[in-house]
Amino acid sequence: MKKIEAIIRPEKFDLVKDALEELGHAGMSVMEIKGHGNQKGISEVWRGKRYKVDMMPKIKLEVVVSDEECDKVVKTIISEAQTGSIGDGKIFVSELSNVYRIRTAEEGKSAI
């Protein structure tokens, strides 16, 4: 099993969520976060003064999938979230040793 953590632009969230639901991966955790990567934020002008915005709003999406589904889910996230501009985000894939469903005490693939 794999845990996929995707940090994406907020405006791309609905597209990614809908695409994952079409693949059959409706279960996910979503967090509103702030951060920056190599671009270190942006400069904006407001009322004639320049301000540096170094913590950009992002969405962190977490999905747990089987090993076989991992590449398909990652490719779907990339295709829906990609704009080609700096700040599109990152995807992290981690190996999970086990998963438990609290309600039924199921474990492994049946608990996803």
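Within the option set 20, 61, being surrounded by 12 or more Cβ atoms within 10 Å (Cβ to Cβ), in a helix (DSSP H, G or I) and of a type in the set (A, V, I, L, M) holds for one residue only, 20. Being assigned to a loop (DSSP other than H, G, I, E, B), of a type in the set (A, V, I, L, M), exposed (fewer than 14 other Cβ atoms within 10 Å of the Cβ) and touching a residue at least 60 places away in the same chain (Cβ under 8 Å), is that true of even one residue in the stretch 79-96? Yes.
Among the residues making up the stretch 64-78, those that are assigned to a helix (DSSP H, G or I) and in contact with a helix residue (DSSP H, G or I) (Cβ under 7 Å, 6 or more places away or on another chain) are 72, 73, 76, 77. Scanning the stretch 46-56 for any residue that is touching a residue at least 24 places away in the same chain (Cβ under 8 Å) and part of a strand (DSSP E or B) turns up at least one such residue. If the condition is being of a type in the set (A, V, I, L, M) and either more than 19 Å from residue 3 (Cβ to Cβ) or out of contact with any Lys or Arg (no Cβ under 8 Å at 6 or more places or on another chain) (or both), then the stretch 63-92 contributes 73, 74, 77, 78, 86, 91. Counting just the residues of the stretch 97-112 that are in a loop (DSSP other than H, G, I, E, B) and hydroxyl-bearing (Ser, Thr, Tyr), which one comes out surrounded by the most Cβ atoms within 10 Å (Cβ to Cβ)? Restricting to residues being in a loop (DSSP other than H, G, I, E, B) and hydroxyl-bearing (Ser, Thr, Tyr), the top hit is 104.
Does the stretch 22-50 hold any residues that are at pLDDT 95 or above and over 22 Å from residue 94 (Cβ atoms), and which are they? 22, the sole residue that qualifies.
The values are calculated or read from the model by the stated rules, or taken from the named source; none is laboratory data. These figures come from a predicted structure and were not determined experimentally. Every residue, glycine as well, gets a Cβ built from its backbone with ideal geometry; the counts of neighbours run over all protein chains shown.
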